[in-house]
1. Could you work out how far helix 130-139 tilts from the main Cα principal axis of the chain, as a 0 to 90 degree angle to the nearest 10?
2. Ignoring ligands and nucleic acids, what accessible area does H31 show with a 1.4 Å probe (Å², nearest 10)?
3. Assign one of three labels to segment 1-44, namely rounded, prolate or oblate, based on the Cα gyration tensor with a ≥ b ≥ c the square roots of its eigenvalues; rounded applies when a/c is under 1.5, prolate when it is not and a/b is larger than b/c, and oblate otherwise.
4. Work out the FRET efficiency for Q47 and S27 from their Cβ-Cβ distance, taking R0 = 30 Å, and round it to the nearest 0.05.
5. Using Rg and Dmax of the Cα atoms in Å as the read-out, say which of (i) 24.1, 71; (ii) 17.1, 61; (iii) 27.6, 99 was calculated from these coordinates.
6. Name the residues whose placed amide hydrogens come within less than 5 Å of the amide hydrogen of I48, ignoring near sequence neighbours (fewer than 5 apart) on the same chain.
7. Given a 10 angstrom Cα cut-off, can you work out which residue in V26, V111, V147 is the most mobile in a GNM of the chain?
8. Calculate, for the chain, the solvent-accessible area per residue in square angstrom, rolling a 1.4 angstrom probe over the heavy atoms of the protein chains.
Amino acid sequence: MAGFTEAGLLTTLFEGARSISARISVSTLRHEALRELVPVIRLGRSQIELTINPAVLGLADLPSWSVTFPLPARKPFREVKLRIDGPVSDATIDEHLMGLLADAREAQALVAVNPGLSLNKIAVQHGRCRKQLVKLYRLSWISPRIVEAIAGGGQPKALTRSRLLEAALPIAWADQEALLGLTA
C-alpha cells in the first residue's frame, strides 16, 4: 500500500504499526487510536474508502493514504442492518442524577449567553433561585468521568441528587472523583 522500498522508511512504518497496534489492543485507548489512524471513512454505493493517516505510523511528511474496498453485490429489496453491541450492564441509570446534570448544563448555557450579567441578575431575569443557579453552575464543571459513570449507571450508590447538588466540589477533577467515591 505504501509502495516503499527504502529500508529506513519501512522500519519506521513497521515500528509505527507496532506502536498503534499496542494502543489498539488496550480497550481504553482503542477508539482514540483508531480515530487517529483512520480519520475518514467514506461509504459509497459500491465501495468503502478509508483514509489512513501516515503521521500516526511515524511518517509525518507523507500525504494521507486512501484504501478502497468494494462492497459485496446486494440482492434487490433486501436491507442491510448494522448492529453495534455495547457492553452488557446490569446498572440502572438514575434519572434524577441525569436530570440534575441536564439542569447544570442548562445553567451553564444561561451564563454563557449572558456574559455581562452577574449570576444574581441572570437568576432574577430568568425567574430562578440564585442559590440553586449557583449550585447548578458549579456542577456544570464536574469531572467527565463522573458524568460518564452517572450516564452509564455506574456511580457509587451513595451518590444521590441531593449529595451531588450540595457537595462542595473541589476544582481538580481527581479530587472531585475521590470526594464522590469514584475509585480509579
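The values are calculated or read from the model by the stated rules, or taken from the named source; none is laboratory data. Everything quoted here is computed from the prediction, not taken from an experiment. Because the Cβ atoms are built from the backbone with ideal geometry, glycine has one as well, and the counts that use them run over all protein chains shown. Ligands, DNA and RNA are stripped out before the accessible areas are found, and what is left, the full protein with its side chains, is counted by its heavy atoms. Shrake-Rupley method; radii C 1.70, N 1.55, O 1.52, S 1.80 Å.
1. Around 30 degrees separate the two axes.
2. Roughly 130 Å² of H31 is accessible to a 1.4 Å probe.
3. Note, shape of segment 1-44 comes out oblate.
4. That gives a FRET efficiency of 0.50.
5. Computed from these coordinates, Rg and Dmax of the Cα atoms in Å corresponds to label (i).
6. Here F69, L71 satisfy the definition.
7. Among V26, V111, V147, the largest mean-square fluctuation in the Gaussian network model of the chain belongs to V26.
8. Ligands and nucleic acids excluded, the result is 72 Å² per residue.
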